[in-house]
């Protein structure tokens, strides 16, 4: 999409549907295969929400909220180990509300998605170990 078009679509329609680029949210979101439904942010985020935000570099990112702090959010992709600190509400464009896979819409509020989010985030140190082990094995 052209520069600023995510913002303009969300401002105009309140909803943005697009396919992502990258693997930072695997296994939840598959690059080029899933459609993402992003709703305009309607207030402060909660832990486990998945915002679409814009970094100061201009890069658009879709990562999960691990922690809500007074100075901003702590975010991390489901397929990443490193956390990003200090993302503010001013950077947030919208929130992922559903993934469309094979024509079927999967709500991020479904019991399956909520359980997945809790397991994946509540055991963050274990996830980091698993991702490091996978990375090590790929290098062998």
Where residue 89 falls short, out of the listed (1) more than 14 Å from the chain's Cα centre (by Cα); (2) surrounded by 15 or more Cβ atoms within 10 Å (Cβ to Cβ); (3) under 28 Å from residue 11 (Cα atoms)
(2)
Quick one: count up the residues across region 110-132 that are farther than 13 Å from residue 47 by Cα, surrounded by fewer than 16 Cβ atoms within 10 Å (Cβ to Cβ) and either in contact with a strand residue (DSSP E or B) (Cβ under 9 Å, 6 or more places away or on another chain) or modelled with pLDDT of 95 or more (or both).
5
If I ask for residues that are surrounded by 13 or more Cβ atoms within 10 Å (Cβ to Cβ) and part of a loop (DSSP other than H, G, I, E, B), which ones from region 50-63 would you list?
50, 63
Assess whether residue 66 counts as being within 12 Å of the chain's Cα centre (by Cα), assigned to a loop (DSSP other than H, G, I, E, B), within 17 Å of residue 117 (Cβ to Cβ) and at pLDDT 95 or above.
no
Identify, from the list 58, 94, the residue that is in contact with a helix residue (DSSP H, G or I) (Cβ under 6 Å, 6 or more places away or on another chain), in contact (Cβ under 8 Å) with a residue 24 or more places away in the chain and more than 29 Å from residue 133 (Cα to Cα).
94
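The values are calculated or read from the model by the stated rules, or taken from the named source; none is laboratory data. Computed from a prediction, not measured in an experiment: that's the story for all the values here. Positions of Cβ are backbone-derived with ideal geometry, glycine not excepted, and every protein chain shown enters the neighbour counts.
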